[in-house]
């Protein structure tokens with residue numbers, strides 16, 4: 001419906017304009033009549049000249065807007081005005097070339113009037129079919145051109161055919177006119193003040209028919225022809241105005257309106273852009289002011305401050321306090337440097353209440369508490385506030401060192417007290433045994449004598465162990481203890497040492513068992529060191545093992561190393577004590593012999609002796625009962641490639 005309505009609107013013309021065309025056309029006749037002094041036949045040529053000029057002018061205008069017009073309607077209009085130019089031009093050629101000017105001119109006027117009427121009829125028929133039935137007659141322009149051209153050629157060569165051609169025109173015009181009339185009868189006017197140009201043509205055609213009928217009985221043919229010419233002029237002007245208004249003026253008016261609206265939109269947009277630019281300028285000025293405010297504020301902050309680029313963690317600003325803190329003369333010496341070049345942030349799993357980062361500058365380091373200010377509005381930057389806790393950390397370290405010294409002094413005092421006890425007790429026992437042995441010698445009591453000899457031997461072993469530990473501890477402190485490594489069959493060496501301690505262990509009602517998975521295994525060791533190690537470990541095992549307990553000394557050869565373990569099924573070590581068992585002066589609380597026995601340097605000395613021989617020692621954890629001390633030594637190449 002919208003499309004059909006659009007087509008009908010194309011062919012509408014204001015009725016007041018049509019009335020205006022009728023009036024001005026009639027007035028033009030009277031004006032020309034006064035100018036031409038009653039020369040009736042000159043009217044036709046003047047009208048033809050008018051048709052030619054206006055058609056050419058219209059062609060020029062339509063050529064610029066043809067792509068914006070309805071293609072089918074435009075094609076019909078082009079055909080109409082082209083043929084009008086051709087018909088009008090023939091009149092001028094006849095006027096120039098013909099000898100009998102008057103007779104030819106009369107005949108030309110009659111023929112051209114009939115031809116123009118046929119042209120108007122065919123044009124209105126084509127438009128009517130398109131308007132009312134949406135039917136396109138694509139060959140109509142060619143048909144019109146062919147009929148008119150053939151008719152003009154026939155008249156030129158045979159003037160007697162004029163009446164025949166007129167009748168032929170009527171035969172074509174009458175059914176077409178009836179068809180147009182029927183179509184307009186069922187059409188509806190869209191607007192009260194508008195007239196369809198097809199209906200305007202019908203009115204003009206009816207006038208021409210009436211005039212033709214009247215002229216058939218009249219002898220004043222010239223006057224009849226002039227009336228017909230005036231009606232054709234009216235029709236031409238109606239079509240011309242219709243084209244100018246609907247195809248030129250209104251589209252240009254719409255275009256001008258559209259351009260005006262676009263210009264208004266552009267003006268509004270331009271105004272908004274100007275206002276946005278002003279807002280942007282104000283925002284930029286505000287940002288500059290804020291930046292100046294922030295930089296001034298940060299510059300005079302009493303704490304060191306660093307501002308980083310969030311993307312690459314490069315330093316982009318430092319204040320004066322930071323330069324003083326870092327002992328840097330100029331800021332450009334640190335600007336655009338990576339932050340991790342100067343600050344080492346501590347991992348999250350390392351908790352320290354005094355500092356969370358270390359600042360490095362040259363060979364110096366400072367302990368700092370760095371805090372990222374998350375409320376800083378600029379997401380492209382990071383702000384770090386630094387607090388220098390170096391003095392506090394160093395003070396705490398000194399305090400800890402003093403506490404350690406105090407602990408060491410206290411432990412040393414306890415150590416001396418333990419030594420005095422460990423020295424005094426065996427000596428008293430040996431002295432008492434020597435006095436008792438003298439009595440049993442006189443009585444020849446060998447069993448009692450053996451018993452006290454064993455007691456003396458046991459206490460001598462304790463004294464030897466204590467003396468060796470004291471000497472080794474002193475040497476370790478002075479870095480004077482050096483191993484004398486030699487190739488030794490570790491199996492024979494340890495077995496011999498274990499056998500020498502069997503009686504000592506047996507006297508405490510404990511079994512000492514030696515086991516190995518290899519008969520021979522050579523290691524680069526210090527024999528004296530190994531004797532002391534085995535003696536210390538077995539003595540400790542005796543100390544923590546109940547009566548009827550067992551102590552195992554086991555040698556295990558593996559692919560690349562040899563393991564020597566001293567294992568017991570005694571009370572074992574406290575789990576917390578295991579971690580510090582090899583510390584100097586460390587004393588366990590699970591001894592079943594004598595709570596006061598032990599100096600706390602035995603395992604410390606053992607660990608040092610093992611490491612001096614390039615071995616490792618550790619205590620196996622998570623045992624249900626007892627203690628298992630394991631030493632590992634690398635095998636000699638001869639053992640590895642046997």
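A short reminder: the numbers here are calculations on the coordinates, not readings from a lab. Not measured: the values here are computed from a predicted model. Virtual Cβ from ideal backbone geometry, glycine too; neighbours counted across all protein chains shown.
Couple of notes before you dig in:
- Between residue 149 and residue 576, the modelled labels are 12.3 nm apart [label points 7 Å from Cα along Cα→Cβ].
- Note on residue 371 and residue 614: with the Förster distance fixed at 56 Å, the Cβ-Cβ geometry gives a FRET efficiency of about 0.75.
- Among 52-62, 455-465, sorting by the average number of other beta carbon atoms lying within 10 angstrom of each residue, highest first, gives 455-465, 52-62.
- Inter-probe distance in nm under a simple model that places probes 7 Å from Cα toward Cβ, at residue 256 and residue 387: 7.9
- Cα-derived Rg to Rh of the stretch 443-579, Kirkwood definition: 1.01
- Order of 379, 276 - criterion: other Cβ atoms within 10 Å of each residue's Cβ, fewest first: 379, 276
- Difference of contour (0.36 nm per residue) and Cα-Cα distance, residue 267 to residue 89: 58.9 nm
- Relative intensity of the stretch 245-285 on a log10 scale, I(q)/I(0) at q = 0.15, 0.21, 0.26 Å⁻¹, equals -0.51, -0.67, -0.78, per a Debye sum over C-alpha point scatterers of equal strength in the absence of solvent.
- Annotation: the residues 341, 382, sorted from fewest to most other C-beta atoms within 10 Å of their own C-beta, follow the order 341, 382.
- Compared with the alpha-carbon gap, the fully stretched path from residue 410 to residue 16 is longer by 129.0 nm at 0.36 nm per residue.
- FRET efficiency estimate (nearest 0.05) - Cβ-Cβ, residue 460 to residue 519, R0 35 angstrom: 0.65
- Label separation (residue 634 vs residue 621): 2.7 nm, computed from points 7 Å beyond Cα along the C-beta direction.
- Our estimate of slack between residue 583 and residue 550, defined as 0.36 nm per intervening residue step minus the Cα-Cα distance, is 9.2 nm.
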